[in-house]
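Only one structure is covered here, and it is reproduced in the block below.
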Amino acid sequence: MAIERTFSILKPDATRRNLTGAINALIEKAGLRIVAQKRVQMTRAQAETFYAVHKERPFFGELVGTMIAGPVVVQVLEGEDAIKTYRGVLGATDPAKADPGTIRKEHALSVGENSAHGSDALDTAAIEIAQWFSGNEIVG
Ligand code: ADP
């Protein structure tokens, strides 16, 4: 299997409840290496750009508001099949449908406040990583 990099965000509901370490433990237990990480306050413009694919959805305003409600932790995760592996660690978008042991089942509050983001494909991962990290900030 290929070594990949994926992009992750620990969302404001997670940082607010001091869950960075607990979520990172689940990430590392799954064999993913955190090769870049920083805590940032997203601007509205950054959140709108990041989730531009959802801009016609009825929940877009709520989504942007949720993402800028407090600091986030942006990360690059590296490992075998990292995109799929991390989607598995995240669990379903709706925490009520997520499997036990996943980030969203164990920590998320709702569909809107679902604690973490992970890229859904290699091409989007590359775009999202480039949006938040310069090359020398990623140390594999
Ligand atoms: P995922 O984050 O699992 O890839 P999506 O890309 O479909 O899910 O949606 C992006 C984010 O938008 C979700 O993580 C969630 O926080 C939010 N979202 C999705 N659907 C809804 C909804 N029906 N109501 C409120 N927020 C939603």
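Numbers below:
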read-out: Fully extended contour minus Cα-Cα distance, from T124 to K29, at 0.36 nm per residue; value: 31.8 nm
read-out: log₁₀ of I(q)/I(0) at q = 0.18, 0.20 Å⁻¹ - the stretch 3-132, Debye sum with one point per alpha carbon; value: -0.96, -1.22
read-out: Helical contribution to [θ] at 222 nm, DSSP H n ≥ 4, -39,500 (n - 2.57), averaged over the chain, rounded to 500; value: -10500 deg cm²/dmol
read-out: Computed over the chain: relative contact order in percent, which uses C-alpha pairs under 8 Å that are six or more apart; value: 38 percent
read-out: From phi via Karplus (6.51, -1.76, 1.60), per-residue ³J(HN,Hα) for the stretch 109-123 in Hz, x at Gly/Pro; value: 9, 6, 4, x, 9, 10, 6, 7, 10, x, 4, 9, 7, 4, 5
read-out: Residues Y86, Y51, sorted so that the one with the fewest Cβ neighbours within 10 Å comes first; value: Y51, Y86
read-out: FRET efficiency for K84 and V111, using Cβ-Cβ distance with R0 set to 22 Å, rounded to 0.05; value: 0.55
read-out: Residues listed by number, the stretch 1-41, amide nitrogen under 20 Å from E137 label point at 7 Å toward C-beta; value: 5-16, 20-21, 24, 33-41
read-out: Environment charge at A96 (Cβ cut-off 12 Å; Lys +1, Arg +1, Asp -1, Glu -1); value: +1
read-out: Sites R57 and D99 - FRET efficiency at Förster radius 22 Å, r taken between beta-carbons, to 0.05; value: 0.30
read-out: In the chain, lysine pairs closer than 18 Å at Cα, eight or more apart or cross-chain; value: 7
read-out: Proxy reagent accessibility, fewest Cβ within 10 Å first, across S115, S110; value: S110, S115
read-out: Fewest-first sequence of D81, D123 by Cβ atoms within 10 Å of each Cβ; value: D123, D81
read-out: Under Karplus coefficients 6.51, -1.76 and 1.60, residue-wise ³J(HN,Hα) of the stretch 69-85 in Hz, glycine/proline x; value: 6, x, x, 10, 10, 9, 9, 10, 10, 10, x, 5, 6, 4, 4, 5, 4
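Each value in this text was obtained by applying a stated rule to the coordinates, not by laboratory testing. Quick caveat, the model's predicted, so the values are computed rather than measured. FYI the Cβ positions are ideal-geometry reconstructions off the backbone, even for glycines, and counts take in every protein chain you see.
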